[in-house]
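Working notes for the structure below.
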Amino acid sequence: MKNYLSIHDLPSIKETVAEAISLKKNPLQFQDLGKNKTIGLLFFNNSLRTRLSTQKAALNLGMEPIVMNFGSEGWQLEFEDGTLMDQGKSEHIKEAAQVISQYCDVIAIRAFAGLQDKGKDEAEEVLESFKKYATVPILNMESSVGHPLQALADAITIEEHKPAKEKIKVVLSWAPHPRALPHAVGNSFAEMVLAHEDDFDFVIAHPEGYELDPNKTKGAQIEYDQKKAFEGADFIYTKNWSSYKDYGKVACKDSSWIITADKMALTDRAKFMHCLPVRRNVVVADEVLDSDTSIVIEQANNRTFSAQIVLKKIMENM
Ligand code: CP
């Protein structure tokens, strides 16, 4: 694997999940693989889990991580070709990506959607420009439209907690949030679950008008009645996203979509999942997050093994 920009870059999600679970039992077994290799983690946006778990993964593999908060510490980058750079932007991506490639063997990037211009966000300007001009592999630590390291951690977590059933019912439920959030987590989770269509029944529950990008959710059952969606579910994955149709707008703050114990009682003893960070008693009630049904802490732990298996595959190809 050269780059990891989307969950579809994995040769096989199922095999990768099995490899990650095996790696988790002995995380230091490939310490020599990353010896004398450096990973540069470039953050254009905030992070807790991604920043620490990707560093931990790199250290487990013997790599040296370098972290830069590009949004606040780097020169402002120009991405357009042929621009007269006489305004605020000091450095062009062409030089920046090539320079960073001399310091790092892998470049990992977090650059969220701006949520102002759908076309611009879908073009993945930051990620694609690094891919174009860097001379080393690129790792997506959440871009405008995808969060594939999170989706792989989610797949590992589901595999570890799934009941012994022929078909597992997985529900991705929208929940309210005061701010406009990107679609990346929902998109990548949907892509991951849909890639397992023989194993999972997949329902996406959200208010009308909150459909995600149909190219990411083709094959999922859409349900506007949240309680109906929850019936018989084995996993409830909750995430807010802003409107995709009315791009980036918060058209609905309906607090009745919060995840409560009453709703979880409609499921088949489902596990509660969320990528974190989560706003307590806005997205999910304390009674759910603090209960045994919640596996969000294990899910966050799996971010290390998700990043580690991906970095292992990238380095094995270098
Ligand atoms: N889930 C996740 O990506 O968390 P951070 O934004 O804290 O990295």
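Select from the range 157-217 those trypsin sites (Lys or Arg not before Pro) which occupy a DSSP coil region and have at most 16 other Cβ atoms within 10 Å, ordered by residue number.
Numbers: sites: LYS165, LYS167, LYS169, ARG179, LYS216; in loops: LYS165, LYS167, ARG179.
Taking the range 157-217 and a limit of 16 other Cβ atoms within 10 Å, the loop trypsin sites (Lys or Arg not before Pro) found are LYS165, LYS167, ARG179.
Name the residue farthest towards the positive end of the dipole of the range 1-60 from the options PHE30, PRO11, THR54, assuming +1 on Cβ of Lys and Arg, -1 on Cβ of Asp and Glu, about the Cα centre.
Sorting the options by dipole projection puts first THR54.
Taking only the C-alpha atoms, wrap a convex hull around the range 94-144 and report its volume per residue in Å³ as a whole number. Before the final figure, lay out the partial values.
Details: hull volume 3.3 nm³, N = 51.
Residue-normalised Cα hull volume stands at 65 Å³.
Please identify every one of the trypsin sites (Lys or Arg not before Pro) in the range 19-75 that sits in a loop by DSSP and has no more than 16 other beta carbons within 10 Å of its own beta carbon. Could the numbers behind the result be given before it?
Details: sites: LYS24, LYS25, LYS35, LYS37, ARG49, ARG51, LYS56; in loops: LYS35, LYS37.
The qualifying sites are LYS35.
Return the carbon/sulfur percentage of the accessible area of the chain, one whole number, probe 1.4 Å, all protein chains in place. It would help to have the intermediate numbers written out before the result.
Working: 6700 of 14420 Å².
Carbon and sulfur: 46 percent of the exposed surface of the chain.
Roughly speaking, what is the centre-to-centre gap between the range 129-193 and the range 281-318 when only Cα atoms are used, to the nearest Å?
10
Post the alpha-carbon centroid distance, the range 39-74 to the range 85-110, in whole angstrom.
16
Where does the charge balance sit around LYS263 when Lys and Arg score +1, Asp and Glu -1, over other residues with C-beta under 12 Å from its C-beta? Walk me through the numbers before you get to the answer.
Numbers: positive: LYS227, LYS228; negative: ASP225, GLU231, ASP262, GLU287.
Taking every Cβ under 12 Å from that of LYS263, the sum is -2.
What accessible area per residue, rounded to a whole number of Å², is obtained for the chain using a probe radius of 1.4 Å? Don't skip to the end; give the middle numbers.
Working: 14420 Å² over 318 residues.
About 45 Å² of surface per residue is accessible.
With the crude spin-label approximation of a point 7 Å out along Cα→Cβ, what separation in nm comes out for LYS94 versus ASP81?
That separation, rounded to one decimal, is 0.9 nm.
Is the range 110-232 rounded, prolate or oblate when judged by the Cα gyration tensor, a ≥ b ≥ c being the square roots of its eigenvalues, rounded requiring a/c under 1.5 and prolate requiring a/b larger than b/c? Could the numbers behind the result be given before it?
Values: a/c = 2.45, a/b = 1.46, b/c = 1.67.
It comes out oblate by the Cα gyration axes.
What is the dipole size for the chain, taken about its Cα centre, with +1 at each Lys and Arg Cβ and -1 at each Asp and Glu Cβ, in debye to the nearest 20? Kindly include the intermediate steps, with their values, before the conclusion.
Values: 37 positive and 46 negative charges, 113 e Å.
The calculation lands at about 540 debye.
Considering only MET192, GLN226, LEU181, whose Cα is most displaced toward the positive end of the charge dipole of the range 150-299, charges sitting on Cβ of Lys, Arg (+1) and Asp, Glu (-1)?
Farthest towards the positive pole: LEU181.
How big is D, in µm² s⁻¹, for the chain by Stokes-Einstein at 20 °C and 1.002 mPa s if Rh is the Kirkwood radius over C-alpha pairs?
Estimated diffusion coefficient is 106 µm²/s.
Need one number: nm distance between label points at GLU287 and GLU122, each 7 Å from Cα along Cα→Cβ, rounded to one decimal.
Modelled inter-label distance: 4.2 nm.
The values are calculated or read from the model by the stated rules, or taken from the named source; none is laboratory data. Model, not experiment: these values are computed from the prediction. Because the Cβ atoms are built from the backbone with ideal geometry, glycine has one as well, and the counts that use them run over all protein chains shown. Side chains included, ligands, DNA and RNA excluded: accessible areas come from the protein's heavy atoms. Shrake-Rupley method; radii C 1.70, N 1.55, O 1.52, S 1.80 Å.
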